[in-house]
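The values are calculated or read from the model by the stated rules, or taken from the named source; none is laboratory data. Since we're looking at a predicted model, the values are computed, not measured. As a convention, Cβ positions derive from the backbone with ideal geometry for all residues, glycine included, and neighbour counts pool all protein chains shown.
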Amino acid sequence: MKNWFKKIGEKISGKKSRKISEKESVSKFKDPKPSLAKVKIPKMVDPKPSPAKVEIPKMVDPKPSPAKVEIPKMVDPKPSPAKVEIPKVKETKTNWFNKLGDNFKRTSLNIKNAIFAKKISLDDLLLLEEAFLMSDLGVSFTEELINDLKKKKIENGNLKNEVVKILESQFQQTNNNFVFKKNAYPQVVLFFGVNGSGKTTTLVKLANKAKSQGLKIKIIAADTFRAAAVEQLEEWSSRLKLDIFTGSQNEDPSSVVFKGHKEAIENNIDVLLIDTAGRLHNKSELMEELKKIVRTIQKNDAKAPHNKLLVLDSTIGQNTYSQLEAFDSSVGITGVIMTKLDSSSKGGSLIGISKKYKTPIHFIGVGEKSDDLIDFNAKDFINALIGNNFGDKSESIH
Ligand SMILES: Nc1nc2c(ncn2[C@@H]2O[C@H](COP(=O)(O)OP(=O)(O)OP(=O)(O)O)[C@@H](O)[C@H]2O)c(=O)[nH]1
Ligand SMILES: [Mg+2]
């Protein structure tokens, strides 16, 4: 059996991923219309081996370099903290937990340590509280949970069961698997969300999944706003041999969607996946544009779009809820996909999504490759969150 944990460990332990604070990630989305000059094509990772590396020439400083200054070695007065020992993960059928990132695993380990403590003390509950807040369960839910546990006068060893019971009761449905349909005229799947949440990458992952199930798919590149957005999808499509429909730069996205949808109906496509531009949920004109896309789709098929998927970045934590409310009230969400759980310690807001909004959670994104998408399952997620998947053997992670 493959050991995904090792793979993740090697990938992440070498380069400490930069943790994005809520403030940072929100400010990242402030300008929904990035200037054309500044736009960067997000880095895409090809699952196939990359071609020969391009040598980047060394930069030559035209001025003579000043005499070398000897910088004295810095001596850390405090001893460096001990390496965090993250236990090896038990092999599971789905390898679900193994694909989560080390940040997530570290938080889970804290939860595990607190709930597996031999004697439950107030300190353990404080530790648990801290770990839940780190996992982004939210202040009020964490308080509720801890008070509940205090009231229950937990006997030794029962804390884990109580925590699992409470967490499981928050999920309406434990399984929200996304179903592709054949001959669906076609099944129209619309992707939307704020800038950079992972819409395009997730669409590609899903398109690839549908194709591997033998379905005839087509992608519509309806992000005609961001420079290079269409090229990004074209590049993916040519790598994975996915059928794509494109319009022209700055063409009304609704017009591109209308033409692409018509063509998909004529060509008996099974699943039509539509990529849209990133938009801030509080910009009314951008939300109107999304509503118009939905109306246009309905001109070709009154029942479409069959899936309206909000793609959420897990690193934004509790801001998830305001995005969810805004997109739901303007176009209606049929399901959620949460991305970047390989680089975030936060996944707890998924509990709130299910508890408060009862929105199905279909998938979680755990990387940049085309197969880094996992079917969401509440039981697996809770096990991951409380570190229940850790085995006994330890593996150190820097
Ligand atoms: N680590 C990680 N990175 C991801 C994941 N999903 C997407 N990304 C990366 O996030 C960045 C943005 O992804 P895109 O798919 O372009 O996001 P987008 O929502 O389409 O962005 P806009 O179209 O600009 O709004 C890219 O560098 C992706 O490779 C994931 O699950 N894990
Ligand atoms: Mg995109």
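Here is how the numbers come out for the structure above:
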item	result
Odd one out for PHE376 among (1) within 16 Å of ligand 1 (Cβ to nearest atom); (2) at pLDDT 85 or above; (3) in contact with a Ser or Thr (Cβ under 7 Å, 6 or more places away or on another chain)	(3)
Index of the failed condition, GLY317 passing every other in (1) crowded, with 17+ Cβ neighbours inside 10 Å; (2) on the phi < 0 side of the Ramachandran plot; (3) within 16 Å of ligand 1 (Cβ to nearest atom)	(2)
Region 341-373, residues that are closer than 16 Å to MET134 by Cβ and within 9 Å of ligand 1 (Cβ to nearest atom)	LEU341, SER343, SER344
Scan of region 174-205 for residues that are within 13 Å of ligand 2 (Cβ to nearest atom) and small (Gly, Ala, Ser), ordered by number	GLY193, GLY196, SER197, GLY198
Residues within region 206-231 that are surrounded by fewer than 24 Cβ atoms within 10 Å (Cβ to Cβ) and either outside the structural domain of THR320 (by TED's automatic domain parsing) or under 21 Å from ASP371 (Cβ atoms) (or both), tallied	10
Residue in region 290-297 that is touching a residue at least 60 places away in the same chain (Cβ under 8 Å) and not aliphatic (A, V, I, L, M) present	no
Among residues of region 186-226, those that are of a type in the set (A, V, I, L, M, F, W, C), more than 13 Å from ligand 1 (Cβ to nearest atom) and free of Cβ contacts under 8 Å to residues at least 60 places away in the same chain, counted	3
Residue satisfying condition, being farther than 25 Å from MET338 by Cα, at pLDDT below 95 and outside any helix (DSSP H, G or I), within set ASN156, ASN161	ASN156
Set LYS292, LYS303: member being closer than 21 Å to VAL179 by Cα, out of contact with any His (no Cβ under 9 Å at 6 or more places or on another chain) and among the charged types (D, E, K, R)	LYS303
GLY332, sole failed condition from (1) within 14 Å of ligand 1 (Cβ to nearest atom); (2) at positive phi	(1)
